[in-house]
Structure formats: C-alpha cells, structure tokens
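Q: Here it is: the structure, laid out below.
Just so you know, all these numbers are worked out from the coordinates, no wet-lab data involved. Since the structure is predicted, the reported quantities are computational estimates derived from the model, not experimental observations. Cβ: placed from backbone, ideal geometry, glycine included. Neighbour counts: every protein chain shown.
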Amino acid sequence: MKGQIRILIDLQRCDIQIGEIQTKKEEGPLRIQGLMEELKVLEEQFEEKLNRLEACKRDKRGAEQEIEDLESRVVKSGIKLDNVKSNKEYQAALKEIDDLKREKSLLEDTAIEIMEEIEELEAQCSVGKENIEEFREKVKQDREEAARELKALEGDLEILQKERTQFCQAVDEELLKRYNSLRKNSWRVAVSPVIKGVCQTCHMGIPTQKFNELIKGDGLMTCPNCLRIIYWGEDKQLQAEASSL
Ligand SMILES: [Zn+2]
C-alpha cells in the first residue's frame, strides 16, 4: 500500500504544479490586457487634447479674421468721421468707432487667451505623444516577455503531463478514480499527511487507534473528518522514497 500512496503523493505534487502553471499561463495575457487598456486610456486622452488643440487653432483663426474685419470697419468709420455734416452725425460716428475699438480689444484678449491655451496644449500633446510611444514600446517588450514565459511554461507543462500519465498508469484503477474525484471535490487536495495524530489538511485529530493503524501502513485509510486519503507524514520510508517508475 505504501508504494501506491507514494505514487499518489507524487501524482498530487504533479497535479498541484500543473494547476500552478495553468494559473501562471493566464497571468501573462491578463497583464498584457491590462497594459492595453492603460494604453487605450492614454491614446484617448491624447486624441482629446489633439482635438481641443485643433478647435483652438480654428478659434484663433476666426478671432484674427474678426479682428481684421473690425480694423477695416474702424478705418471706414474714420473716413465717415471726416465727412460728417452735423454734430449729431459726428457724435454717432465717434461712438461707432469707440464701440468697434472696444469690441476689437475684447477679441484681442480672447485671442491671447486662445494662444496661451494653444501653447499649453501643444506642450501637453508633445509630452503625451512621448508617453504613448514609451508605453507602446513597453507593451511590445512585455508581450515578447510574456510569449517567452508562455513557451517555457508550456515546456514545463508538457514534462509534468508526461509524468502525470506515468503516475496514473502506475496507480490502481479504483484508487485513481477515488483520487480524481477527491481532487475535484476537496479543494484539490486528495492525499493528506497526518502528523502527530492531526490531519494536516483539515487540522482535525485522528482517533489514537486509527493513527496507530496508519503508522503501520497496512491498508488504505481516510481522514474521518475530511474523508481525504491519509498517510503518516513522519514516515521516513515515505519521505525518502521517490516512486520508482
Ligand atoms: Zn482531514
């Protein structure tokens, strides 16, 4: 029976490693997915700033055009001022010039504000572009690293799966069935050591008589509490022997 238990211990170690590798295999793609999402946010922010910059440039051209129009209207009103016939007309022309100049001055202020925003946006866009390029490079490198990692993991997995097949072939069919169903239903632990009378998986004590039987190691035993297959964890023989397949 000890030989069979030894193989089950090895099979379980193999299965635990396979599970760990399968989890690790998912980590790389998940990490890349996270980075891609981060990159997308950066790109969207950059695009938004770029659009805003274009809009500002359009506004600036519009304001400049309007300023030019107002300037020519001021000139025309000046000519009108030279040709007025009455004081009333004179006052009206003066007021018109004042109004135009005030409007122009307001627009000039607006144009300055727009130019300041353009400068700031241009600086932000330049930094944003650099950040995105750096980030893309990082994603590229991480992708390559993840691919290398995956290849190594698949190599390890292949070796473990071959080992697993060998262990399965060496275990009694009924015992293997029991092992597999226990693994499925018992949080992936089917075989548990018992040390100083305590099951190391569910941490419950085993009755003394049962523990003594376990130390003898004659038959297959299960933990009365968690129903896992148990073995004596301090058994030097079990610890030293690797299953010889
Ligand atoms: Zn137990």
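Q: Please return the longest range in the chain lying between exposed loop sites, taking trypsin sites (Lys or Arg not before Pro), DSSP loop only, at most 10 other beta-carbon atoms within 10 Å, and leaving the sites out. If you can, show how the numbers build up before the last one.
A: On the way: sites that count: Lys85, Lys196.
Free of exposed loop sites, the longest segment is 86-195.
Q: Now a separate question. Residue separation times 0.36 nm, minus the C-alpha to C-alpha distance between Ile118 and Asn212: what's the value? Each step should come with its number before you reach the end.
A: Values: separation 94, 0.36 × 94 = 33.84 nm, distance 8.45 nm.
Fully extending the segment from Ile118 to Asn212 adds 25.4 nm.
Q: Mind sorting Leu214, Leu94 by how few other Cβ atoms lie within 10 Å of their own Cβ, fewest first?
A: Numbers: Leu214 20, Leu94 13.
Ascending number of Cβ neighbours within 10 Å: Leu94, Leu214.
Q: While we're looking at this one, here's another question. If you wrap region 53-194's Cα atoms in a convex hull and average its projection over all directions, what's the area in nm²? Before the final figure, lay out the partial values.
A: Numbers: hull surface 75.0 nm².
Here the figure is 18.7 nm², rounded to one decimal.
Q: Could you give the length gained on full extension between Gln200 and Ile18, defined as 0.36 nm per residue of separation minus the Cα-Cα distance, in nm?
A: Extra length from Gln200 to Ile18 when fully extended: 63.3 nm.
Q: Continuing with the same structure: Based on the alpha-carbon set only, what is the convex hull volume of region 53-121 divided per residue, in Å³?
A: Working: hull volume 3.7 nm³, N = 69.
Looking at region 53-121, the number lands at 54 Å³ per residue.
Q: Between Glu137 and Glu89, what is 0.36 nm times their sequence separation minus the Cα-Cα distance? Round to one decimal in nm. The partial results should precede the final answer.
A: Values: separation 48, 0.36 × 48 = 17.28 nm, distance 7.06 nm.
Between Glu137 and Glu89, full extension yields an extra 10.2 nm.
Q: Here's something else I'd like to know. Would you order Thr110, Thr201 from fewest to most other beta-carbon atoms within 10 Å of each residue's own beta-carbon? Don't jump to the answer; show the numbers that get you there.
A: Details: Thr110 16, Thr201 19.
Lowest to highest Cβ neighbour count: Thr110, Thr201.
Q: When DSSP assigns beta bridges and you keep just the ones with both residues in the chain, what percent turn out antiparallel, to the nearest 5? The partial results should precede the final answer.
A: On the way: 5 of 9 bridges.
Looking only at bridges with both residues in the chain, the antiparallel portion is about 55 percent.
Q: State, in angstrom, two size descriptors of region 1-86 derived from its alpha carbons: Rg to one decimal place and Dmax to the nearest whole number.
A: 37.3, 126
Q: Sticking with this one: Cut-off 10 angstrom, C-alpha nodes, Gaussian network model of the chain. Which of Leu160, Leu107, Leu35 fluctuates the most?
A: Greatest mean-square fluctuation among the candidates belongs to Leu107.
Q: Let me ask another. May I ask you to work out the translational diffusion coefficient for region 173-240 at 4 °C, viscosity 1.567 mPa s, via Stokes-Einstein with Rh from the Kirkwood sum over Cα pairs, reported in whole µm²/s? Could you put the intermediate results ahead of the total?
A: Working: Rh = 12.1 Å.
Value of D from the Cα-based Kirkwood radius: 107 µm²/s.
Q: Okay, next question. Please arrange Tyr90, Tyr231 by counting, for each residue, the other beta carbons lying within 10 Å of its beta carbon, fewest first. Kindly include the intermediate steps, with their values, before the conclusion.
A: Values: Tyr90 13, Tyr231 22.
With the sparsest Cβ surroundings first, the list reads Tyr90, Tyr231.
Q: What residues have an amide H closer than 5 Å to that of Met221, excluding those fewer than 5 places away on the same chain, when H is modeled at 1.01 Å from N in the peptide plane?
A: Close amide H contacts, sequence-distant or interchain: Ile230.
Q: Could I ask something else about it? Anything over 19 Å Cα to Cα? Flag those among Lys76/Lys104; Lys2/Lys236; Lys25/Lys184; Lys151/Lys184; Lys40/Lys140, in the order listed.
A: Values: Lys76/Lys104 15 Å; Lys2/Lys236 12 Å; Lys25/Lys184 21 Å; Lys151/Lys184 28 Å; Lys40/Lys140 14 Å.
Check vs 19 Å cut-off fails for Lys25/Lys184; Lys151/Lys184.
Q: Moving to a separate point now. How compact is the chain by the rule of thumb for globular proteins, expressed as Cα Rg over 2.2 N^0.38 Å? Could you put the intermediate results ahead of the total?
A: Values: Rg = 40.8 Å, N = 245, 2.2 N^0.38 = 17.8 Å.
In units of the 2.2 N^0.38 Å rule of thumb, it is 2.29.
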